[in-house]
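Each remark here refers to the structure printed beneath this line.
The values are calculated or read from the model by the stated rules, or taken from the named source; none is laboratory data. Quick caveat: nothing in here was measured; it's all calculated off a predicted structure. Don't worry about glycine lacking a Cβ; one is built from the backbone with ideal geometry, like all the others, and counts go over all protein chains shown.
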Amino acid sequence: MNSTVRYIAFKPRNVSYYCVILLCLLTMISGGYCAYMMEVSGHIITGMNNHVAWGLPHVFAVGLIVTASGVLNGATCASVLGMEVYKPVARLSVVLASSTLLGGLTVLVLDLGRPDRLLLAFTHHNFGSIFTWNIFLYTGLLLICVVYLWMMMEKRFNRQVTTIGLAALVWRIVLTSGTGAIFGLLTGKNIIDTALMAMLFVVLSLVLGTAALVLVTILLKHWQSTQVDDELQKAFNRMQLLFLLVLGIFSIVYHLINVYARQDLYVPLFTLTGGLTTMFSVVYVLTGLLVPLGITLYLLKKPGGIYKQIASSIMSLTGGFLLLYIVIIGSQNQAKILFPGKTVLASRFGDGGFPAYVPSVWEWGVGLGGVAFSFFIFLLLIRVFALIPESQPSTVSKLI
Amino acid sequence: MTNTIKFVLLLLGLSFTWVSLSGERGPVIPQGKGEVCVADTDFMRRNHMDLLVHQGDDTVIRGLREGPFSMADCVDCHVRHDDQGKPIRIDAEGEFCSTCHEYVAVSIDCFTCHAAVPDAKEPGSAHNNDHESDKNHRHRLAEQP
Amino acid sequence: MSDLAPDPVSCMDADFEHNTKANAARRRFLQRIGVMGVSALTASSLPMNVSRGGSLLAADIGSSAASDEPVSGVSSERRWGLLIDTSKCSAGCDACVRGCHEEHGIGVSGNDHTDAQWIRKIDLEDNDSGETMSLPVMCQHCETAPCVDVCPTGASFKRADGVVLVNKHTCIGCRYCMLACPYKARSYIHEPVTDQLSRAPRGKGTVESCTLCVHRIDDGQNLQPACAVACRKDAHSAIVFGDLNNPDSEISKSIREHDAKQVRADLQLNTAVRYTGL
């Protein structure tokens, strides 16, 4: 393997490439329209209400942000851990991370009640709030990504890459823990809940990020020959296997703790939450954990199954987003117990239970628009800057 | 190419000069009630936003509702009524706030929450009756000095 | 407020008193300039530009309104709270809810899950004794309020007198406080609002909750919150409002006497709304 990688701008001429760009644009436009409708009419047109205050847009926003953090792992492996095999995708990983982060933040902002007051979030702070810290963590990671990329691309600064890579590593672990803590730190939850949630998010981010990197590298290679070889895909597969295993363990522990805590009024998230979340729990365990685990294990023995790798990655991504749906929606989708030992006979506000949350088309629009926005920015950036490893005759892969 | 850009810029500059010289001297703002405002007009024009923001903080955080620059008082004085005597929203087109704000292209972030017309004062109105009678009875608390 | 600073105009002609509303407004302004003058003299925490503006204006008018009395406002010497006597509250009665809606100009669209729910009635049955009871639940005005902790901009805050409020000037509508509140006391305004009352500003895209009728508290006339007034008018008198910090107040005495409880006391939020017979 050649350790010096030449980078080029990504300018393929495939029909499918332009189709994807067009699809991204259309999804972005419809997402923008959905956000506009939510802004003009208010959240009344969404499925959200005073019980489920954070709906599908938050699932997409948090999903994208967490994925961004995980995608950056590719660069970390290359520049901090010194794994040569990841070198070709180091720049790619930073660019994909920043564009995904930007997409997630856009969705988060568009779902605010007053997106026009975004600047207020930077001028008025309550540092007692984990949310405030997250605002800085998100924007900070974006800044780190820019500097990271700059140092990678500027020869003079190449030696500083390890330092900034280390900063990025620490930063994103704090970021994902902080994002998890948003959901773990709520009143009525216990300390274990918070700690577990933070770790669950860290692992989830690694699973999501690796899956996204695998899919993107395969797609780019499909469009234009790049220096992404079998070794790299094997490495991705080994990494994903490890992450999936840890995610599985955390899921089991989290579930058990919740079931145990049920006696103390806290409702388990993976069961009994009603509506889509129950179904999603089953689907998550199957498609988000078991099947991808099986595939990655199989690929460990018999590498090179490109379609299996694609399938496993798509399933991991879907499963990860389902897990986020379960955590975010499931925790709100049940009545809070105000009076232990008493049964609610009547309440105008669903204290005894209320209809399950069903996301509206507008929320889907904003969420998918954010995904499309992320990918569009990514394609744009790699078209403008030299970020893609150029294919070299000696290392042309046998994958496709 | 650069010459074309220069020409376009020159045209733009000229057009601004023309607009600024062409007689229009700013918006015509409806007159409020009474003779004078709570402060000099010039002062209010420049500072009303800061005064309102400060008054807002005073009211919400410190509970000082009787400040001089109360939004409700502004609306009371500057609101106009239609032929039927119904008040017109102060942020409606051609009314006190919007004439100027539209001219300078600054959006107003007050009346999505604040009442843009004075409170209704019909004697038959249920809530007013309730409020007034309550005020008259002044249910004083025993523990108050 | 009127007794805070000497009114520089009140000594003028009597017909001045009977003049138009604008003059009344002007009089109030002059009074308040006095107040601002005092605050400028006592070097209060007013932001530069406005305190400058205030003292400048006062100087222009030549007001010598400086008074020995301090500027009033909320004080941490008091902590306002409610005591709800569940034995007096009857199932099926929602006078307090209606009273609240009228006071704050809250319209009801019919969708209970998206409408404002500042105060709601809950009917309960004890699982052991089978005893039934009815009670209103509103913002519990916690001493250590989770909604205040989580708010990113500090819009959700606790006034010095213990009233937990949303400062709608800085609320960006992120709704994290709604997730954090264990009582589900916070409502989000899902639709544009047009017919607000001047005493209760509220608008789309921000979060709101029971304000303990701060506008009445600040009125200085010792008015009771609208829910308590409505309840008394309906001859229940199940809601008592008062100062929890004053051991001799009616509410403090009743709380001691009846061993009033907090909802979900296990969360240790030290709520300002207490219930007897729970």
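Somewhere in region C:214-224, is a residue within 9 Å of chain A (Cβ to nearest Cβ) and in contact with a helix residue (DSSP H, G or I) (Cβ under 7 Å, 6 or more places away or on another chain)? Within region C:214-224, none of the residues are within 9 Å of chain A (Cβ to nearest Cβ) and in contact with a helix residue (DSSP H, G or I) (Cβ under 7 Å, 6 or more places away or on another chain). Here C:Thr170, C:Thr132, C:Thr144 are screened, and the one residue that is hydroxyl-bearing (Ser, Thr, Tyr) and under 28 Å from A:Pro57 (Cα atoms) is C:Thr170. The single condition among (1) out of contact with any helix residue (DSSP H, G or I) (no Cβ under 9 Å at 6 or more places or on another chain); (2) at pLDDT 95 or above that C:Ser90 does not meet is (2).
Answer yes or no: is there a residue in region A:24-33 that is in contact (Cβ under 8 Å) with a residue 12 or more places away in the chain, within 27 Å of A:Ile182 (Cα to Cα), surrounded by 18 or more Cβ atoms within 10 Å (Cβ to Cβ) and among the aliphatic types (A, V, I, L, M). Looking through region A:24-33, none of the residues is in contact (Cβ under 8 Å) with a residue 12 or more places away in the chain, within 27 Å of A:Ile182 (Cα to Cα), surrounded by 18 or more Cβ atoms within 10 Å (Cβ to Cβ) and among the aliphatic types (A, V, I, L, M).
State all residues of region A:105-134 that are touching a residue at least 12 places away in the same chain (Cβ under 8 Å), under 28 Å from B:Thr112 (Cα atoms) and either crowded, with 18+ Cβ neighbours inside 10 Å or in contact with a strand residue (DSSP E or B) (Cβ under 7 Å, 6 or more places away or on another chain) (or both); if no residue qualifies, say none. Selection gives A:Leu105, A:Thr106, A:Val107, A:Leu108, A:Leu110, A:Asp111, A:Gly113, A:Ala121, A:Phe131. Every test in (1) away from chain C (no Cβ under 12 Å); (2) buried (at least 23 other Cβ atoms within 10 Å of the Cβ); (3) in contact (Cβ under 8 Å) with a residue 60 or more places away in the chain is passed by A:Tyr357 save one, and that test is (1). Take the conditions in a loop (DSSP other than H, G, I, E, B) and out of contact with any helix residue (DSSP H, G or I) (no Cβ under 6 Å at 6 or more places or on another chain) and apply them to A:Ala335. Does it pass? Spelling it out, A:Ala335 is indeed in a loop (DSSP other than H, G, I, E, B) and out of contact with any helix residue (DSSP H, G or I) (no Cβ under 6 Å at 6 or more places or on another chain).
Among strands (runs of 3 or more DSSP E) entirely within region C:91-204, having at least 3 residues that are more than 8 Å from every other protein chain (Cβ to nearest Cβ) and of a type outside the set (Gly, Ala, Ser) singles out C:132-138. Among the residues of region A:350-368, some residue qualifies, meaning at least one is under 22 Å from A:Thr217 (Cα atoms) and in a helix (DSSP H, G or I). Taken over region B:70-90, the criterion of being within 11 Å of another protein chain (Cβ to nearest Cβ) and among the acidic types (Asp, Glu) is satisfied by B:Asp73, B:Asp76. Contact annotation: residue pairs with Cβ atoms under 7 Å, 6 or more positions apart or on different chains, pairing a residue in region A:37-54 that is more than 7 Å from chain C (Cβ to nearest Cβ) with a partner that is outside any helix (DSSP H, G or I) and of a type in the set (A, V, I, L, M, F, W, C), are A:Gly47/A:Val358. In region A:165-184, the condition of being of a type outside the set (A, V, I, L, M, F, W, C), part of a helix (DSSP H, G or I) and in contact with an Asp or Glu (Cβ under 6 Å, 6 or more places away or on another chain) is met by at least one residue. Please verify whether A:Lys342 is surrounded by fewer than 22 Cβ atoms within 10 Å (Cβ to Cβ), farther than 30 Å from A:Asp229 by Cβ and touching a Pro at 6+ places or on another chain (Cβ under 7 Å), treating the condition exactly as stated. So A:Lys342 does not fit the description; no.
Every residue in region A:294-332 that is of a type in the set (Phe, Trp, Tyr) and farther than 19 Å from A:Leu215 by Cβ, please. Scanning region A:294-332 gives a single hit, A:Tyr325. When region C:225-244 is examined, which residues are found to be within 11 Å of chain B (Cβ to nearest Cβ) and either among the β-branched types (Val, Ile, Thr) or crowded, with 17+ Cβ neighbours inside 10 Å (or both)? Listed by number, the residues that qualify are C:Pro225, C:Ala226, C:Ala228, C:Val229, C:Ala230, C:Arg232, C:Val240, C:Phe241, C:Gly242, C:Asp243, C:Leu244. The set of residues in region C:246-272 that are crowded, with 16+ Cβ neighbours inside 10 Å, assigned to a loop (DSSP other than H, G, I, E, B) and within 14 Å of chain B (Cβ to nearest Cβ) comprises C:Asn246, C:Ser249. Would a scan of region B:51-69 turn up a residue that is more than 9 Å from every other protein chain (Cβ to nearest Cβ), over 23 Å from C:Arg202 (Cβ atoms) and either in contact with an Asp or Glu (Cβ under 8 Å, 6 or more places away or on another chain) or crowded, with 20+ Cβ neighbours inside 10 Å (or both)? Checked against the condition, which is being more than 9 Å from every other protein chain (Cβ to nearest Cβ), over 23 Å from C:Arg202 (Cβ atoms) and either in contact with an Asp or Glu (Cβ under 8 Å, 6 or more places away or on another chain) or crowded, with 20+ Cβ neighbours inside 10 Å (or both), region B:51-69 yields no hits at all.
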